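This report concerns only the one structure given below.
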Amino acid sequence: MSTNRTALPLIVSEDEWRVAREKLLIKEKELTRALDSLAAERRRLPMVRFDKVYDFEGPTGTAGLQDLFEGRRQLIVYHFMMDPGSDHRCRGCSSFVDNIGHLAHLHARDTTFVLVSPAPLSQIEPYKKRMGWNVPWFSSNGYDFNLDCGVGKGFGLSVFLRDNDRIFRTYFTASRGVDRLRADFNLLDLTPFGRQEDWEDSPEGWPQTPPYTWWRLHDEYEE
C-alpha cells in the first residue's frame, strides 16, 4: 500500500471547514431519507412460501428450518462460503462475521441470526473455534438450501418470516448489498482515505490497492 505522505486533504480554516461540512451534511441527510424510503419499500415486499424440508446440523444436533428461528418470528441467514472438503477459508465471509455485534439486540426485536454453510459440521466447528465466534453456525450438507436460496457456491443473506408453522422468504441480497452491512467498511467510508481500494473515486495520490488483496483473516494481519 502506498504511504505517500504528501497526498493530504486541503488544509483550510475552521470556518471554511464548517461551511464545507454543512454542504456535505445536506447530501447526507438526503441519502438518509432515501434509505428510509427504501427500507419502507423493502418492508412491503411480497414474500414466498418456503416449505421444503431441510435437516441442518448444529452443535446440539439436527434442526429443521423452523428450529433455526429459536422460537422467534424473524430469521436472518448469512450464507457463509465453505464447501465440503475444501480448505478455503473465505476472507470476505470471515470479515463479515467479525463485524457482527452482540445478537441480544436482534433477539430483543424477535429476530434470530445464524450462519449456514454446505460444509459438514466437522469442518465448520474447528474454524469457528479458531475465529472465536459465538454466532450459531449450521451445516446444510446434503441439502440444496443454498441453491434453493439462489446462492449456489457464493455468499448472500436471506431473510425469513415465520407465521406459526408457515415459513416465508421475504428478502435476499448479495455482493454490495451484503458489503454495505459491514461496520468496518462503513467506518472506513467516513475517513479521508476511505477503504483505500482502487475502484473508489479518490484524489490522485491517495493510498489504494486492488480490492480483496489486502483482506486477511483477523489472526493473519501483521501489526
Residue identified as within 19 Å of the chain's Cα centre (by Cα), over 24 Å from TYR143 (Cα atoms) and at pLDDT 95 or above among ARG33, ARG42: ARG42
Looking only at the range 20-36, decide whether some residue is small (Gly, Ala, Ser), under 30 Å from TYR212 (Cβ atoms), surrounded by 10 or more Cβ atoms within 10 Å (Cβ to Cβ) and free of Cβ contacts under 8 Å to residues at least 24 places away in the same chain. yes
Going by the structure shown, is ARG42 touching a residue at least 60 places away in the same chain (Cβ under 8 Å) and either of a type in the set (Val, Ile, Thr) or part of a helix (DSSP H, G or I) (or both)? yes
Taking the range 135-168, which residues are more than 19 Å from the chain's Cα centre (by Cα), among the aromatic types (Phe, Trp, Tyr) and under 18 Å from ALA63 (Cβ atoms)? TYR143
What is the one condition in (1) surrounded by 15 or more Cβ atoms within 10 Å (Cβ to Cβ); (2) under 24 Å from the mean Cα position of the chain (by Cα); (3) not polar (S, T, N, Q) that ALA7 does not satisfy? (2)
Here's a check for you: in the range 165-181, which residue that is touching a residue at least 60 places away in the same chain (Cβ under 8 Å) and surrounded by fewer than 12 Cβ atoms within 10 Å (Cβ to Cβ) is nearest to VAL151 (Cα to Cα)? ARG166
Residues that are over 24 Å from ALA63 (Cα atoms) and not in a loop (DSSP other than H, G, I, E, B), drawn from the range 86-125: ARG91, GLY92, SER95, PHE96, ASP98
Flagged in the range 184-213 as within 18 Å of the chain's Cα centre (by Cα) and either modelled with pLDDT of 95 or more or surrounded by 12 or more Cβ atoms within 10 Å (Cβ to Cβ) (or both), in numbering order, are ASP184, PHE185, ASN186, LEU187, LEU188, ASP189, ARG195, PRO211
Among (1) assigned to a helix (DSSP H, G or I); (2) of a type in the set (A, V, I, L, M); (3) under 30 Å from ALA119 (Cα atoms), MET81 falls short only on (1)
Inspect all residues belonging to the range 166-173 and state whether any of them is modelled with pLDDT of 95 or more and closer than 16 Å to LEU115 by Cβ. yes
Listed residues GLY142, GLY58, GLY92; which is in contact (Cβ under 8 Å) with a residue 40 or more places away in the chain, touching a Ser or Thr at 6+ places or on another chain (Cβ under 9 Å) and surrounded by 12 or more Cβ atoms within 10 Å (Cβ to Cβ)? GLY58
Matching residues, the range 37-55, being surrounded by 10 or more Cβ atoms within 10 Å (Cβ to Cβ), over 30 Å from LEU121 (Cα atoms) and among the basic types (Lys, Arg): ARG42
Condition (residue is surrounded by 12 or more Cβ atoms within 10 Å (Cβ to Cβ), without any contact (Cβ under 8 Å) to a residue 12 or more places away in the chain and more than 17 Å from ALA174 (Cα to Cα)) applied to the range 67-86: is it met by at least one residue? yes
Quick check, is GLY101 modelled with pLDDT under 95, surrounded by fewer than 20 Cβ atoms within 10 Å (Cβ to Cβ), assigned by TED's automatic domain parsing to the domain that holds THR170 and in contact with a strand residue (DSSP E or B) (Cβ under 8 Å, 6 or more places away or on another chain)? no
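The values are calculated or read from the model by the stated rules, or taken from the named source; none is laboratory data. Model, not experiment: these values are computed from the prediction. Glycine gets a Cβ as well: all are built from the backbone with ideal geometry, and neighbour counts include every protein chain shown.
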